[in-house]
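Let me begin by presenting the structure, written as structure tokens, before commenting on it.
The values are calculated or read from the model by the stated rules, or taken from the named source; none is laboratory data. Since the structure is predicted, the reported quantities are computational estimates derived from the model, not experimental observations. Because the Cβ atoms are built from the backbone with ideal geometry, glycine has one as well, and the counts that use them run over all protein chains shown.
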Amino acid sequence: MRRVVVWRHGETAHNAGGVYQGQLDTELSATGREQARRAARVLAARGVSRLVSSDLARARQTAAELAELTGLDLEPDARLREIHVGRWQGLTHVEVSARYPEAQLALERGEDVVRGETGERLADVAARTRAAFEDVVAGLPEHGLAVLATHGLATRALVCVVVGLHVGQAAQALVGLRNCHWADLVEHPTGWRLETWNAGPPDAGSVGTIAHPVP
């Protein structure tokens, strides 16, 4: 069996403030760096074979903690970026709700609308992250473990498309991954299955791990 860990980055100031980041290139906060160090210690003990990260700073900084512990090369891949939220980038959730009420209502109904008028749909993110996933597992040895460091909505889109869940329905049913938490995907003869969701270090709560709904 091969395994893939889909890992959300640590906290940023925008996460803590409820600000839409999308593809803004924000960095980890002090809390986020500590989250990454603690999570990396857990993941390093699992024998990681390959480490691939979104090329945005917050994901790379998270993955760098694991690279330091394992000696693995950190491979950047822009296909693992967060969903692009268009004109919502840099706005708070309150501001977006006030300026784009129709879009917010559509999202609450589970509709996969273009974010921020000029951004992406979850289906777009699912397609590009799936392509990155397939490239990684194609070179993963039997019983190998790959870690993909990515983002909140990108993790959900990727996991859903890999295991065959409807992305829109899953968005209604699954809570978001907390900062520096992960999902475990395991290969079976019939395909990939989700083994765990929102796994993390046992002491995660002591460093303010959060799960904001805004990407």
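Among the residues of segment 109-134, write down those that are in contact (Cβ under 8 Å) with a residue 12 or more places away in the chain, out of contact with any Lys or Arg (no Cβ under 7 Å at 6 or more places or on another chain), part of a helix (DSSP H, G or I) and surrounded by fewer than 18 Cβ atoms within 10 Å (Cβ to Cβ).
Selection gives 123, 124, 127, 130.
If you go through segment 19-53 one residue at a time, how many are more than 14 Å from residue 9 (Cα to Cα) and surrounded by 24 or more Cβ atoms within 10 Å (Cβ to Cβ)?
Residues in segment 19-53 being more than 14 Å from residue 9 (Cα to Cα) and surrounded by 24 or more Cβ atoms within 10 Å (Cβ to Cβ): 1 in total.
Could you list all residues from segment 184-195 that are at pLDDT below 95 and of a type in the set (Val, Ile, Thr)?
Residue satisfying the conditions is 190 alone.
Within segment 141-160, is even one residue part of a helix (DSSP H, G or I) and surrounded by fewer than 18 Cβ atoms within 10 Å (Cβ to Cβ)?
The answer is no; no qualifying residue exists.
Return the pair list, or none, for Cβ contacts closer than 6 Å from residues in segment 182-194 that are on the phi < 0 side of the Ramachandran plot to residues that are among the polar types (S, T, N, Q) and assigned to a strand (DSSP E or B), at least 6 apart or on different chains.
184/196
What number of residues within segment 89-108 satisfy the criterion of being among the β-branched types (Val, Ile, Thr), surrounded by 15 or more Cβ atoms within 10 Å (Cβ to Cβ) and part of a helix (DSSP H, G or I)?
Going through segment 89-108 one residue at a time, the tally reaches 1.
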